[in-house]
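What follows is a set of notes on a single structure, which appears directly below.
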Amino acid sequence: MKKLALSSAIVIALSSIIAPTFASAQSTSQCLPATQLWSDDFETGDHRRWTGRDYAEDWGDECQSTAITTARRHSGRYAQRSEIECESSSPEGVHRGYGGLQIDGRGTVLPQHTNAGAGLDAPHGIVTTFWTWLDAGYAFEDGRWMSLFTINPSCDYTDRVVTLGLDQRDGVMRAAHYWPEATQTIEPGAPAMPLRQWVRVTVYMNLHTGDMHVWQNGRSILHVEGLHRRLTTMCQWHWGLYASADNSDVEMYEDDKIVWRLDAPYEDWAREPWMGQTGATRRACR
């Protein structure tokens with residue numbers, strides 16, 4: 001995977017054309033037709049719900065660790081904890097303490113990575129919600145980055161990934177690997193990702209329409225439009241402490257992850273498509 005970076009195409013101010021689309025609106029009760037594909041609150045005490053049945057600590061080096069813990073959690077008894085304690089032994093390397101899913105065309109999570117086959121077709125998009133607690137001894141800037149979420153349309157990684165993470169001093173989440181064809185718009189006044197507290201992150205992704213939208217604690221943060229790949233499917237998902245080699249002081253907890261496939265169009269980007277954390281249902285209310 002390539003190093004997280006920002007495109008010069010980022011648009012900070014909303015144009016008069018798209019402003020009405022992203023304008024704030026009052027939240028009202030609404031049921032969204034959706035199918036839950038997967039979830040994990042780590043209450044099993046292991047990684048049995050993940051492809052590969054682990055959190056891939058061996059992808060990094062001696063400077064990182066990751067394990068299920070009771071020390072801090074968003075709900076229940078368990079959460080996932082990852083830590084980076086020193087710079088990577090290889091300046092060209094990365095820290096990779098994260099878990100992954102490979103989802104096939106039927107929406108089934110595979111028990112092992114095959115890195116082959118076809119991913120999920122989701123013409124109305126997918127919605128992923130997860131909770132993160134993050135602490136770092138510095139700002140992510142000047143080439144230092146961390147990625148919270150990664151998705152890839154191709155099972156064999158022949159298409160470019162799309163990532164969501166931190167790499168700017170202002171601490172605002174941004175997408176990466178969307179350029180040069182797409183444009184990212186950061187909402188005016190978008191807040192930094194808070195440290196040392198649980199934060200809910202929701203990501204809408206649709207490779208048919210070519211857009212990605214992100215909410216933080218229910219607030220609209222960013223929009224990517226014109227995102228196109230060779231494939232419109234989604235096959236590989238990753239969450240966790242994936243970070244550049246020059247990180248040396250990061251602690252992260254993760255909890256309550258869920259993935260939905262929307263069964264009808266959704267275009268109200270001012271409002272988070274919040275659908276709850278429990279139960280596999282075909283009509284999810286917010």
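The values are calculated or read from the model by the stated rules, or taken from the named source; none is laboratory data. This is a predicted model, so every value here is computed, not measured. Glycine also receives a Cβ, built like all others from the backbone with ideal geometry; neighbour counts cover every protein chain displayed. Side chains included, ligands, DNA and RNA excluded: accessible areas come from the protein's heavy atoms. Shrake-Rupley method; radii C 1.70, N 1.55, O 1.52, S 1.80 Å.
Things to note:
- Any hit, region 97-106, residues being in contact (Cβ under 8 Å) with a residue 12 or more places away in the chain and farther than 25 Å from MET234 by Cβ: no
- Test: residue in region 191-206 that is crowded, with 18+ Cβ neighbours inside 10 Å, among the hydrophobic types (A, V, I, L, M, F, W, C), more than 22 Å from GLU83 (Cβ to Cβ) and in contact with a Ser or Thr (Cβ under 7 Å, 6 or more places away or on another chain): yes
- Qualifying positions in region 154-185 - surrounded by fewer than 21 Cβ atoms within 10 Å (Cβ to Cβ) and hydrophobic (A, V, I, L, M, F, W, C): VAL161, VAL172, TRP179, ALA182
- Unmet requirement for GLU85, which otherwise passes all of (1) open to solvent by 40 Å² or more (accessible area, probe 1.4 Å); (2) of a type outside the set (Lys, Arg); (3) touching an Asp or Glu at 6+ places or on another chain (Cβ under 9 Å); (4) closer than 29 Å to LEU207 by Cα: (4)
- The residue that is surrounded by the fewest Cβ atoms within 10 Å (Cβ to Cβ), counting only those in region 90-105 that are part of a loop (DSSP other than H, G, I, E, B) and modelled with pLDDT of 95 or more, is GLY105.
- With respect to the conditions (1) open to solvent by less than 40 Å² (accessible area, probe 1.4 Å); (2) polar (S, T, N, Q); (3) touching a Cys at 6+ places or on another chain (Cβ under 7 Å), THR128 falls short on a single one, namely (3).
- Checking ARG261 against (1) in contact with a strand residue (DSSP E or B) (Cβ under 7 Å, 6 or more places away or on another chain); (2) surrounded by fewer than 24 Cβ atoms within 10 Å (Cβ to Cβ); (3) farther than 20 Å from LEU110 by Cβ, the condition it does not meet: (3)
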